[in-house]
Amino acid sequence: MSKAPSQLGVKFAETFRTDPDGWRLKVGEDSHGQHKWVYLSTAAQREAWPQQPVDKYSMGLPTGLPRQPEAKTPMDAARNGLRFYRELQSEDGHWATEYGGPLFLTPGLIIALEAVGYKLQEEKKAELKRYLFNKLRPEMGWGLHTAAPPTVFGTVMNYVMLRLLGVGPEDGPMPAIRAKIHAMGGALGIPTWGKVWLSILGAYDWAGVNPTPPELWLLPDWVPFAPWRWWIHVRLVFTPMAYLWGIRYTMPITDLTRQLRQEIYTQPYESIHWPPQKDNINPADLYSPHHPVFDALNLILGVYEKMPRLPCLPNMRKAGLKAAYRQIVYEDENTGYQTVGPVSKAFNMLARFAAEGDGEALKLHLAKIDDFLWMSKDGLFMTGTNGCQLWDISFLAQAEVETGLAEEGENRKSALAMLDWLDKCQIRNNPKWYKKAYRHASKGAWPFSTPEQSYTVSDCTAEGMKGVMALQSLDFIPNPPPVSIERLRDAVDVLLSMQNPSGGFASYELMRGSSRMEWLNAAEVFGNIMVDYMYPECSTSALSALKYFSKIDPTYRRTEVECCIDGAITWIHSVQRPDGSWYGSWGVCFTYATMFALESLGIAGESCANSDRVRRACDFLLSKQMADGGWGETYMSCVTMEYQQHDESQVVMTAWALLALIYGKSPATDAIKRGMELIMSRQQSDGSWLQEDTEGIFNKNCAIDYPAFKFIFCIWALGRGSKYLAAATS
Ligand code: LAN
């Protein structure tokens, strides 16, 4: 979550507030688990469709949910937490949650919508403005994400977006924001992705962007750096970007573009010499400087760009554009026009428009915009994916079963609805364009968000499967259970196919190339993005799912399952740090990954009683416990790769640390008790917990919030903790 915002921004934000009574979250209208916020303008519409607690909660309005009886024990507190959270369950069985943090997503969408000539509803425009002003930092700018200090990328992109949404250059804090842009040297130093967006808008020149040749899609598959080997998000952002660069797409210049050209630079636009700007990246933005190999490649590509295209030779640009465009179409059709994420969503939409105009593809893209727009207490913004539906519900299912709460009468209906949702979320087929789009198999997988988005993720498949197996172990579940053993076997097939030779699991695919590909990292603001790396988090999820499955169906691919588990454990051993911890790539940070790793080691039979590794990991965590009994790490741990202590303990990290100590069978029962007391002390009278600092991360440098975690992991840690303490003292 953001640090204290600018008071000026917050005050100005209020001028854009729409009537909160008008907003409703529609779930699953076009596809399973889909989210869409709609604004109802008439009293009759509002009366016919009353606001639900989840609508109110998401917008920070009083939910009217009752006070819970005072919790005398940790188990009472867990129960109270679930009582509150259960009220936010959607009618289809899952929990719809805000998924924000990054601040570079919405501007791309708004530029793309401007280019295709789409008019957003006025209320949505107003709320988009409200959000941004609410997130304005006291330094009068925005960073890469809401918790970070201002950068050129964050500030310029969002300033431009506000101007496109109709905010005048002299309105409210706009002059101060412009001054901040100028103080940072102006938009010339914007990182490459920003240069591309501004070139599309006509407020920067393509001559100042490093070559992004679509011809790379013509490389044979065996080439070690061919695009099919890149991490899925990079490949699917690169592809439409290369297409748009290849045709040097720029939307028609308007008066507003002409004004922007004068507003965001420190010199007259006409006087800018563009070519040297290609590598001009503001130091405040820079996380991964260009590698000399990348610089050399750009020199060669620069020469190639200038070479005359001889009519007797095949037109490589044309062929490259065709190949890249084919991939764009495959991606759209594989994902119901959502694409893998929000950046590719906006770029693909624009590429389709550039090639096909105002046709069917654009219509289908526009129909999937609302899936990415979330209405929060601060306003509307574009989410990190089209939600984190599967991720949240899978953990909650396990938490409820492991704590025994799922079996309690009051939770049974909700648990059945969860299982139904998980059942419908499993992906039943491989993608339409499977091999041609270089996709990993998805038959049997669970995705991160919704099945329509269609992407296999190793740990989502595993946690989805664990959630199903946990719920299906309950005795009130229909017989036969909804997810058959054959379908669990499909999931096992997917997981087994995702193990890398060294034993670890990456995120969406196998690791398809060498980490040296990082030399070609062109997105200066992120680290470790070029290939899909192996992670202790993903590896733990995969091996634990296989372990639990082997208890249900011990014969299926038995030797392979056993070897896979052993291999994954060995890999996790290999990445333990000398201080006993593991580095986390998707959550903050050492606390998160150490929780996963200790779950794995626990499965391998390692505990404080018999394993030096586990003892070192538990000692590491215990050394980080704060005076109030809690744990707190900042996202800067992920950025710097060293533990960064938060000023205040955080309930989510406290819950992770407690679960880690429990997995490791730590004898430090007093420390565990104090951690549980801290979580209890932060619980509100209605059973909820307040949002604290950001919990998630990606690409080393961008924080992303997981607001459901405060419920899920607090309930889980309190419930499991009370069982653990009871067993330890009996
Ligand atoms: C996510 C969110 C979930 C996350 C986990 C499942 C937690 C992880 O274990 C595997 C990777 C995954 C699926 C993941 C990958 C990168 C995502 C999709 C995100 C962090 C959410 C947003 C992010 C995406 C790349 C944002 C768009 C930005 C770009 C740089 C393209």
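The values are calculated or read from the model by the stated rules, or taken from the named source; none is laboratory data. Bear in mind that the values here come from a model prediction, so they are computed numbers and not experimental data. Here the Cβ positions follow ideal geometry from the backbone for every residue, glycine too, while neighbour counts run over all protein chains shown.
Within segment 341-353, the presence of a residue that is touching a Lys or Arg at 6+ places or on another chain (Cβ under 6 Å) and within 16 Å of Gln453 (Cα to Cα) is excluded. Only one entry in Gly81, Gly108, Gly64, Gly33 is assigned to a loop (DSSP other than H, G, I, E, B) and in contact (Cβ under 8 Å) with a residue 60 or more places away in the chain, namely Gly33. The single condition among (1) surrounded by fewer than 18 Cβ atoms within 10 Å (Cβ to Cβ); (2) over 30 Å from Asn411 (Cα atoms) that Glu524 does not meet is (1). The sole residue among Glu537, Glu518, Glu562 that is assigned to a helix (DSSP H, G or I), away from the ligand (no atom under 14 Å from the Cβ) and under 23 Å from the mean Cα position of the chain (by Cα) is Glu518. Among the residues of segment 572-585, is there at least one that is farther than 30 Å from Ile190 by Cβ, part of a helix (DSSP H, G or I), modelled with pLDDT of 95 or more and charged (D, E, K, R)? Scanning segment 572-585 turns up no residue that is farther than 30 Å from Ile190 by Cβ, part of a helix (DSSP H, G or I), modelled with pLDDT of 95 or more and charged (D, E, K, R).
When Val27, Val38, Val10 are checked against the criterion of being β-branched (Val, Ile, Thr) and closer than 14 Å to Leu380 by Cα, a single residue qualifies: Val38. Scanning segment 335-383 for residues that are of a type in the set (Phe, Trp, Tyr) and within 17 Å of the chain's Cα centre (by Cα) turns up Phe372, Trp374, Phe381. If you go through segment 689-709 and keep only what is away from the ligand (no atom under 16 Å from the Cβ) and either out of contact with any strand residue (DSSP E or B) (no Cβ under 8 Å at 6 or more places or on another chain) or among the β-branched types (Val, Ile, Thr) (or both), you end up with Trp689, Leu690, Gln691. Note on segment 149-222: enclosed helices (runs of 4 or more DSSP H) holding 1 or more residues that are over 24 Å from Phe12 (Cβ atoms) are 192-201. When you check Leu678 against the structure, is it surrounded by fewer than 23 Cβ atoms within 10 Å (Cβ to Cβ), of a type outside the set (Val, Ile, Thr) and free of Cβ contacts under 8 Å to residues at least 24 places away in the same chain, yes or no? For Leu678, the condition - surrounded by fewer than 23 Cβ atoms within 10 Å (Cβ to Cβ), of a type outside the set (Val, Ile, Thr) and free of Cβ contacts under 8 Å to residues at least 24 places away in the same chain - is not met.
Among the criteria (1) free of Cβ contacts under 8 Å to residues at least 40 places away in the same chain; (2) buried (at least 19 other Cβ atoms within 10 Å of the Cβ); (3) aliphatic (A, V, I, L, M), the one Met595 does not fulfil is (1). Counting only helices (runs of 4 or more DSSP H) that fall entirely inside segment 281-377 and contain at least 2 residues that are touching a Leu at 6+ places or on another chain (Cβ under 8 Å), the qualifying elements are 292-306, 316-334, 342-356.
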